[in-house]
């Protein structure tokens with residue numbers, strides 16, 4: 001997101017690069033209004049290409065850099081968040097590609113691979129592989145609970161829990177049909193079951209079932225806003241908001257066509273609309289639409305870096321920065 005502000009009889013317009021171009025105020029400018037220093041959304045999107053991107057479908061922020069999992073070439077790309085510079089492109093799989101997600105554990109990057117039925121651990125500082133661990137069949141979404149890595153195994157109808165320190169297996173837990181997304185709420189793990197049109201809530205401590213809750217059709221990814229779980233329902237073009245404490249339905253809100261993934265920026269939920277080629281911004285308090293922004297072709301995963309929203313465009317093989 002880029003913003004513009006009026007400042008002391010001059011209009012400073014900030015572009016995607018951050019450079020400022022000064023335009024002298026016209027005779028009709030009201031100095032008292034100018035002095036209010038109000039901020040106005042500019043909705044300028046930057047497209048980042050040539051970073052080894054090949055159908056990016058997983059994004060994560062490590063505190064400084066954005067990591068992109070690239071489905072069709074088996075690589076992950078490391079991008080400096082503040083300027084979009086490509087810092088490295090690392091091969092994670094030697095077969096026909098298939099990385100489906102990426103998560104940061106505070107020191108390492110974890111990348112599941114759908115074709116190899118495993119997950120690779122990379123050192124975030126230099127991208128060096130430090131381990132490969134078997135999980136279920138066709139792993140998809142991945143999450144970190146502060147101690148363990150959780151992987152949703154789409155064709156096994158379960159999730160795998162691995163100790164982040166050494167990749168050892170902690171447990172495997174049954175969920176619904178075709179699990180593809182997983183999110184942590186601070187106490188529990190939430191899993192979206194694409195084939196069952198519901199989500200499963202598990203205790204993170206032991207994997208025991210807490211509950212199963214109906215949502216929309218073909219739920220894909222989930223996000224936690226500090227109080228509630230949000231679910232992107234691909235085939236009903238909406239998102240479901242559930243109270244994390246008890247799974248109560250708090251609302252269903254329309255977005256664009258083919259909602260896929262989400263990211264929370266502290267006050268708003270950003271939803272990628274795969275079919276529409278847009279991102280919808282929703283106010284988390286009431287689900288009101290705050291804006292719709294055009295990105296690349298086939299936007300899938302979304303990440304927030306503390307200042308900007310990043311979107312991986314699957315068909316465009318680019319990243320968008322808002």
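The values are calculated or read from the model by the stated rules, or taken from the named source; none is laboratory data. These numbers come from a predicted model, not from an experiment. Using ideal geometry, Cβ is built from the backbone for each residue, glycine included, and neighbour counts are taken over all protein chains shown.
When each of 191, 142 is tested for being in the same structural domain as residue 73 (by TED's automatic domain parsing), within 20 Å of the chain's Cα centre (by Cα) and within 17 Å of residue 68 (Cα to Cα), the lone residue that passes is 142. Within the range 158-165, can one find any residue that is more than 16 Å from the chain's Cα centre (by Cα), in the same structural domain as residue 109 (by TED's automatic domain parsing) and farther than 15 Å from residue 119 by Cβ? For the range 158-165, residues more than 16 Å from the chain's Cα centre (by Cα), in the same structural domain as residue 109 (by TED's automatic domain parsing) and farther than 15 Å from residue 119 by Cβ: absent. Of the strands (runs of 3 or more DSSP E) lying entirely inside the range 192-246, the ones with 1 or more residues being surrounded by fewer than 18 Cβ atoms within 10 Å (Cβ to Cβ) are found at 198-203, 209-214, 238-243.
Every listed requirement among (1) out of contact with any strand residue (DSSP E or B) (no Cβ under 7 Å at 6 or more places or on another chain); (2) closer than 19 Å to residue 165 by Cα is met by residue 72 save one, (2). Given the structure, is residue 92 crowded, with 20+ Cβ neighbours inside 10 Å, assigned by TED's automatic domain parsing to the domain that holds residue 304 and within 17 Å of residue 191 (Cα to Cα)? When the stated conditions are applied, residue 92 does not pass them.
Residues considered: 274, 234. Of these, the only one that is under 22 Å from residue 66 (Cα atoms) and either touching a helix residue (DSSP H, G or I) at 6+ places or on another chain (Cβ under 7 Å) or in the same structural domain as residue 59 (by TED's automatic domain parsing) (or both) is 274.
Does residue 158 fit the bill of being within 27 Å of residue 190 (Cβ to Cβ) and either crowded, with 24+ Cβ neighbours inside 10 Å or in contact (Cβ under 8 Å) with a residue 24 or more places away in the chain (or both)? No, not satisfied. Answer yes if at least one residue in the range 57-75 is within 18 Å of the chain's Cα centre (by Cα), outside any loop (DSSP other than H, G, I, E, B) and at pLDDT below 90, and no otherwise. Checked against the condition, which is being within 18 Å of the chain's Cα centre (by Cα), outside any loop (DSSP other than H, G, I, E, B) and at pLDDT below 90, the range 57-75 yields at least one hit. Note on the range 211-230: residues that are in contact (Cβ under 8 Å) with a residue 40 or more places away in the chain and under 12 Å from residue 194 (Cα atoms) amount to 3. Put simply, of 170, 130 the only residue that is part of a strand (DSSP E or B), exposed (fewer than 14 other Cβ atoms within 10 Å of the Cβ) and assigned by TED's automatic domain parsing to the domain that holds residue 100 is 130.
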